[in-house]
Amino acid sequence: MLEDLTNWAPQLLTGLGLTVELTFGGMAIALVLALLLALGRISSSRWLRVPAAAFVELIRGSPLLLQLFYIYYVLPAVGLRLSPIMAGLIGLGINYGAYLSEVFRAGIVAVGRGQREAAESLGMSEGQTLRFVILPQAWRIVIPPTGNYFVSMFKDTALVSTISLAELMFQGQLIASDTFRYMTIYSIIFVIYVVISIPASMGVRWLELYFNRSMSSR
Amino acid sequence: MAKKIIEVQGLEKFYGSIQVLHGVDLTIMAGEVVVVIGASGSGKSTLIRCINGLEMFNGGDILIDGYILTPARTNNRQNREELKKIRREVGMVFQQFNLFPHKTVLENVTLAPVQVRKLAKDKATAGALRLLERVGLSDQVHKYPGQLSGGQQQRVAIARSLAMEPRVMLFDEPTSALDPEMVGEVLEVMRGLANEGMTMIVVTHEMGFAREVADRVVYIDHGRILEQGPPDAIFDNPQQERTKTFLSRVLRH
């Protein structure tokens, strides 16, 4: 098995590299989208609120796998041809953006009306209130759950193997179909995912404790 | 004769189908200290929250130093522009302080001057330190609100509001959330402000403060101004039955 591992290592590392890139790239898209959607959903304008809510429901109401297929196989039919990596990033980003927007929205709402009123009564504009008063406090609330989504994204990148992205899972499948040694290769893949995601989850939990403590001391 | 600074005319306010203000008229002169009293739910907080636009209202209008606020439906651009100017003229102190917990005492006070009045940071800091000294908190400037007592927090909130150099200060039950032993220090700061000639509208249950500091006491009952006048007249010789009942209830203890 050790010999197998050294033989397969380069391929697996390439795959893992792409998995990590997809995780960070997808998360970057998701964070920006989530913030925009959350702001849209709490907006006083119906023209922002309704489309934002509809979009979130649409995404949350359908499987990620289907969304990836849709972006990769259906959009070219209407003239939007995306590379697998772009399709993967966008699919993951949109899906996680929709879920995260709920987290962000809850975080923003949790900051409380008094804070907004204080800022407004000082003559701050809506934008200034958000930037200097609401969001800095909302961040502390949403960082731990966002961390959990991060870890979750890392595992869900395996789904983009279905649109021919050669990330970790895909490399595993390639090796398996070459060697027929399913048990060995999939066990190795298993271990790689777990060895990364469990410490990452622990890190998130530590972050949560840290933020709880620093919040309560204030 | 002093100049009118606030004129509330026929103010009507509904929460859903419940009317909380019934055609309230109130004129405030520059430099005047007006204390608004009344039972909880009488509409006294709602009244001052309308004055700086934290609450929309349904009828009447509010003139503040040349700017005008009009009823609720009109959450339009013009109203919002007026509101922006009004809020620079009118400071507000809340029952729950509403300090920004993620910012230090000093940052709480400098935030709006830097962002809204576009003051240079060092100038805003100098001004903030002066104000914090005035409210007796020079030694707490780098702490966070959560590290201060309620009374100290409320004094920071007053300094934060003053930093915008408002022409009128509104106080919405500023001592109601405080432990009894901290009420005095906040009232002391307010008394100082009044003596310096600040125009103030104070919603409070502190009748001693009202009697001592107010130029005029306004009694609100079920969304109507029932009686107003100099504190001595209101407290010693109320004309309305309901004012008498209310005062006998709050003055007994």
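The values are calculated or read from the model by the stated rules, or taken from the named source; none is laboratory data. All figures in this text were calculated on a predicted structure; none of them were measured in a lab. Please note: Cβ atoms are built from the backbone with ideal geometry, for glycine as well, and neighbour counts cover all protein chains shown. Quick note on the areas: whole protein, heavy atoms, side chains included, nothing else; ligands and nucleic acids left out. Shrake-Rupley method; radii C 1.70, N 1.55, O 1.52, S 1.80 Å.
Within this structure, B:Gly41 fails the test of being within 14 Å of chain A (Cβ to nearest Cβ) and part of a loop (DSSP other than H, G, I, E, B).
Only a single criterion out of (1) surrounded by 15 or more Cβ atoms within 10 Å (Cβ to Cβ); (2) within 19 Å of B:Val168 (Cα to Cα) is not satisfied by B:Ala39, namely (2).
Screening B:Lys118 with (1) within 14 Å of chain A (Cβ to nearest Cβ); (2) on the phi < 0 side of the Ramachandran plot gives one miss only, at (2).
Does B:Gly91 satisfy being within 14 Å of chain A (Cβ to nearest Cβ) and in contact (Cβ under 8 Å) with a residue 60 or more places away in the chain? It is true that B:Gly91 is within 14 Å of chain A (Cβ to nearest Cβ) and in contact (Cβ under 8 Å) with a residue 60 or more places away in the chain.
Conditions (1) within 19 Å of the chain's Cα centre (by Cα); (2) open to solvent by 30 Å² or more (accessible area, probe 1.4 Å); (3) under 25 Å from A:Phe24 (Cα atoms), marked per residue:
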| site | (1), (2), (3) |
| --- | --- |
| A:Ser44 | no, yes, no |
| A:Arg60 | yes, yes, yes |
| A:Leu64 | yes, no, yes |
| A:Val78 | no, yes, no |
| A:Gly93 | yes, no, yes |
| A:Val111 | no, no, no |
| A:Glu117 | no, no, no |
| A:Met124 | no, no, no |
| A:Arg131 | no, yes, yes |
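Put simply, of A:Ala98, A:Ala106 the only residue that is away from every other protein chain (no Cβ under 14 Å), open to solvent by 30 Å² or more (accessible area, probe 1.4 Å) and among the small types (Gly, Ala, Ser) is A:Ala106. All of A:Val133, A:Val109 fail the test of being modelled with pLDDT under 95, over 30 Å from A:Tyr72 (Cα atoms) and in a helix (DSSP H, G or I), apart from A:Val109. Restricting the search to helices (runs of 4 or more DSSP H) fully inside segment B:45-164 and requiring at least 3 residues that are more than 27 Å from B:Val35 (Cα to Cα) and among the aliphatic types (A, V, I, L, M) gives B:105-115, B:121-134.
Of all residues in segment A:52-78, those satisfying the criterion of being small (Gly, Ala, Ser) and at pLDDT 95 or above are A:Ala52, A:Ala53, A:Ala54, A:Gly61, A:Ser62. Could you list, in sequence order, the residues of segment B:151-163 that are open to solvent by 10 Å² or more (accessible area, probe 1.4 Å) and either within 11 Å of B:Val90 (Cα to Cα) or at pLDDT below 95 (or both)? Scanning segment B:151-163 gives a single hit, B:Leu162.
The residues on offer are B:Gln9, B:Gln95, and the sole one that is at pLDDT 90 or above and surrounded by fewer than 17 Cβ atoms within 10 Å (Cβ to Cβ) is B:Gln9. Scanning segment B:125-161 for residues that are within 11 Å of chain A (Cβ to nearest Cβ) and in contact with a strand residue (DSSP E or B) (Cβ under 8 Å, 6 or more places away or on another chain) yields a total of 2.
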